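Q: Dropping a structure here in structure tokens format, bear with me for questions.
Coordinate-derived values only; no laboratory data. Just so it is clear, the model here is predicted, and its values are computed rather than measured. No Cβ is skipped: glycine too gets one built from the backbone with ideal geometry, and neighbour counts run over all protein chains shown.
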């Protein structure tokens, strides 16, 4: 392997030689922390003990996640593997035909690794099942929203659980035939998932079975009380949607028709464009505090990066993710 200190290796001014060696396309602009998004992506702040709502859609809005038995098993298996390997708690996941909503608790600050592991493994596994080679997910990054307080976590749990009802797919949230974390939360039972035989080797290292747990973390309070409140709010929303359907005459699609759809098909409705992708969700007070803290993080990150490039002693702010994992930098405690 070529030594980073090899004579003649020319690195951009101020950048360590190991950066030029391992990231030959990087320039000063890439590492200056400039605000111009065409030059550098904004650094991520990843903190421990955080709740998130994750949403990701299939390419072209296709029904690639149509909830037949094999797809449901494959997604659940990949989710369980990612959860176990990254020590991320899955609270609820609702996987519809062309997107998923998943609420998690990230105790150790591993959400980027969890997202990469889940979506890459799921894409490869389901593409193998469908006989596809193209991308499974839309090109843009998943929408990852940090949930700042308990009322907001509850609101997003209701949103995820009741999504098939609001989309006029089923009458009750428990009737959704795909991966349905709401149904498992109500029953207080884990889901035992088999290793997908179409993708993983029988004599490989992946476990033959794994349990997917849907858990209310203690940070949210009493689990039974949270589940009962979630159930009451979902049932209230179900009644509201039923009244709307009674007035409009609109019918639900129903389980049988959902499973009859071709996975190559897409919805007839117009695709939403340029929707908001919020970084935070919370009550006004907690949201304001989080936004100020994030601005402070960006400022401290930019200052530390300039010092690091100049070869000066520095400490990056807590929550710095990429550099803390892939570069020899110190972090503030």
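Q: Using only the alpha-carbon atoms, how far is helix 111-130 inclined from the longest principal axis of the chain? Give it as 0 to 90 degrees, nearest 10.
A: Orientation of helix 111-130: about 60 degrees from the principal axis.
Q: Using 17 Å as the cut-off for backbone N distance, which residues of segment 274-315 belong to the label zone defined by a point 7 Å from the Cα of residue 155 along Cα→Cβ?
A: 276-291
Q: If I model a spin label at residue 276 and residue 211 as a point 7 Å from the Cα along the Cα→Cβ vector, what separation in nanometres do I get?
A: Roughly 4.0 nm, to one decimal.
Q: Please work out whether segment 50-282 counts as rounded, prolate or oblate from its C-alpha gyration tensor, where a ≥ b ≥ c are the square roots of the eigenvalues and a/c under 1.5 means rounded, while otherwise a/b larger than b/c means prolate and anything else oblate? Intermediate values should be presented prior to the final figure.
A: Details: a/c = 1.44, a/b = 1.09, b/c = 1.32.
Since a/c stays below 1.5, the shape of segment 50-282 is classed as rounded.
Q: What distance in nm lies between label points placed 7 Å from Cα along the C-beta direction at residue 68 and residue 285?
A: 5.2 nm
Q: A further question on this structure: Under 16 Å from the 7 Å Cα→Cβ point of residue 127, by amide nitrogen: which residues of segment 97-120?
A: So the set is 116-120.
Q: Quick check: pseudo-label points 7 Å beyond the Cα along Cα→Cβ at residue 134 and residue 219, how many nm apart are they?
A: Going by the 7 Å Cα→Cβ label model, 3.9 nm.
Q: Can you compute the helix-only [θ] at 222 nm over the chain? Use -39500 (n - 2.57) per DSSP H run of at least 4 residues, normalise by all residues, nearest 500 deg cm²/dmol.
A: -13000 deg cm²/dmol
Q: Follow-up. Roughly what angle does helix 223-248 make with the longest principal axis of the chain, taking Cα atoms, 0 to 90 degrees, to the nearest 10?
A: So the inclination is approximately 60 degrees.
Q: Can you tell me the order of 98-105, 134-141, 52-59 when each peptide is scored by its average per-residue count of other Cβ atoms within 10 angstrom, highest first?
A: Working: 98-105: 23.0, 134-141: 12.8, 52-59: 20.2.
Most protected by this proxy first, the peptides run 98-105, 52-59, 134-141.
Q: What length, rounded to one decimal in nm, is gained on full extension from residue 245 through to residue 141, with 0.36 nm per residue of separation minus their alpha-carbon distance?
A: 34.0 nm
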